[in-house]
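Novice: Next up is a structure, given as structure tokens.
Nothing in this text is a laboratory measurement; each read-out follows from the coordinates by a stated rule. These numbers were taken from a predicted model, which means no experiment stands behind them. Every residue, glycine among them, receives a Cβ derived from its backbone with ideal geometry; neighbour counts consider all protein chains shown.
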Amino acid sequence: MSSANGRYRNPMQRARALGSAKSGTAHFWWQRVTAVVLALLVPWLVGLLVSFVGADLASVQFALGKPWNAILLSVFVVALFWHAQMGMQVVIEDYVHTRATELVLQFLVILACVVGALASLYSIGRIALMIAP
């Protein structure tokens, strides 16, 4: 016999009525993937920045213009902004309880991360290709 209010349903049956959790799982894994990418690239970036100590502008531009450095720096920037956006999304979802405010904040975070990533990639491209202003 089943009650109208579902008190005889087991926890799995109640959870299934709440919808799919697949997007949350993908979000969880992408956040971990970007964290691993960042963890692997931070030592390289620190080493690169330390190598710039005392260097002049031309040698810094030359080092950043090397294909591997430009590619790795671009991967770092994309992973950084993607990871930041996903982290801020979780914080906003957890702590902002007004739907309108949540939507505005989510939009602003996405906008800031996209603009930041594009500006960074543009700058890396200009340096790597040695394009004069």
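Novice: Mind putting a number on the dipole of the stretch 22-128 about its Cα centre? Charges go on the C-beta only, +1 for Lys and Arg and -1 for Asp and Glu, and I need it in Debye to the nearest 20.
Specialist: On the way: 5 positive and 4 negative charges, 46 e Å.
The dipole magnitude comes to about 220 debye.
Novice: Continuing with this model, one more query. If Rh is defined by the Kirkwood formula over all Cα pairs and Rg also comes from Cα, what ratio Rg/Rh do you get for the stretch 40-133? Intermediate values should be presented prior to the final figure.
Specialist: On the way: Rg = 17.0 Å, Rh = 15.1 Å.
The Rg/Rh ratio comes out at 1.12.
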